[in-house]
Amino acid sequence: MQDVTIVDHPLVQHKLTILRDKETSTRTFRALLQEISALLCYEVTRDLPLQSVEVETPIGPTQGRTLAGKKLVFAPILRAGMGMLDGMLELVPSARVAHIGLYRDPKTLKAVEYYFKAPSDISERLVIVIDPMLATGHTAIAAIDRLKEVGVKDIRFACVLAAPEGLDLLRGYHPDVAIWTASIDERLNDHSYIVPGLGDAGDRIYGTK
Ligand code: URA
């Protein structure tokens, strides 16, 4: 599938299987989600441009390479996206963060915004939107719509699980946004949960069920 990368690294798949297990504790779930997010971040940033720089080692001068392109913003979709943030920041500690608060209207299943706070220079940065679950795709689309409204041109999307329905919808609305996921699951159920999925990601991160 074009512009969709499945991160099938053995470490990611191993951790994902434990994440799916309904017996996994809140504490372990949170830790594993962070670890998977760091591994996803490694893949999402794989093609970032580099520049040559001179560096002096204790032995002598050499050419090194440092990141050259746009600075990064991680944009977690509240609340479950917050579970991925620390893992991402572990790899890119100087990144900025844009919080996007969206909830799913239980009747229409459409996304409704209740919070948006982003760095003032966000339009000049590469923004990586993070949400563990790409289910219907409505919240991801609304988050990306909002980022484009404030002028962001370079957007990527990272999730842990994706449903084919959400993937198709997101790619239809935002074909310019590349997507990374650890798995494309079978389908959505009647309540728009991913099957087999891992349940409600927010509840499992925060122990609210
Ligand atoms: N959100 C979740 O947390 N889980 C799903 O399966 C779908 C949406």
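The values are calculated or read from the model by the stated rules, or taken from the named source; none is laboratory data. Being a predicted model, the structure only gives us computed values, none of them experimental. For neighbour counting, all protein chains shown are included, and Cβ atoms are generated from backbone atoms with ideal geometry for every residue, glycine included. Surface areas here come from the heavy atoms of the whole protein model, side chains and all, with no ligands, DNA or RNA. Shrake-Rupley method; radii C 1.70, N 1.55, O 1.52, S 1.80 Å.
The table that follows gives values for the structure above.
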| item | result |
| --- | --- |
| Helix 10-20 axis, angle to the chain major axis (alpha carbon atoms, nearest 10°) | 30 |
| With all protein chains modelled, accessible area of Thr66 [1.4 Å, Å²] | 60 |
| Where Met82, Met88, Met133 fall by accessible area, highest first, once all protein chains stay in place (1.4 Å) | Met82, Met133, Met88 |
| Net charge of Cβ neighbours under 12 Å - reference Gln34; Lys, Arg +1; Asp, Glu -1 | 0 |
| Three-way shape call for segment 1-153 based on the alpha-carbon gyration tensor, with the a/c threshold at 1.5 | oblate |
| Largest-first ordering by accessible area, 1.4 Å probe, given options Asp105, Asp86, Asp8 | Asp8, Asp86, Asp105 |
| His138, His174, His191, ranked by accessible area, largest first (probe 1.4 Å) | His191, His138, His174 |
| Contact order relative to length of the chain, as percent, for alpha carbon pairs under 8 angstrom and 6 or more apart | 22 |
| Acute angle (nearest 10 degrees) that the helix 138-149 long axis makes with the longest principal axis of the chain, alpha-carbon atoms | 40 |
| Three semi-axes of the equivalent ellipsoid, segment 103-160, Cα gyration tensor, whole Å, largest first | 21, 13, 9 |
| Degrees between helix 164-173 axis and first principal axis of the chain (Cα, 0 to 90, nearest 10) | 60 |
| Amide H partners (placed H, <5 Å) of Ile100, local residues excluded | Leu78 |
| Dimensions in Å of segment 136-182 - Rg and Dmax from alpha carbons | 10.1, 29 |
| Area of Arg187 that stays accessible when all protein chains are in place (1.4 Å probe, Å², to 10) | 110 |
| Surface accessible to a 1.4 Å probe, Glu35 within the full protein complex, Å² | 80 |
| Sulfur and carbon atoms: percent of accessible area, the chain [1.4 Å] | 52 |
| Mean accessible surface per residue for the chain, computed with a 1.4 Å probe while every protein chain stays in place, in Å² | 53 |
| Rg to Rh, two decimals, where segment 77-209 supplies the alpha carbon set and Rh follows Kirkwood | 0.94 |
| Convex hull volume per residue in cubic angstrom - Cα atoms of segment 1-58 | 137 |
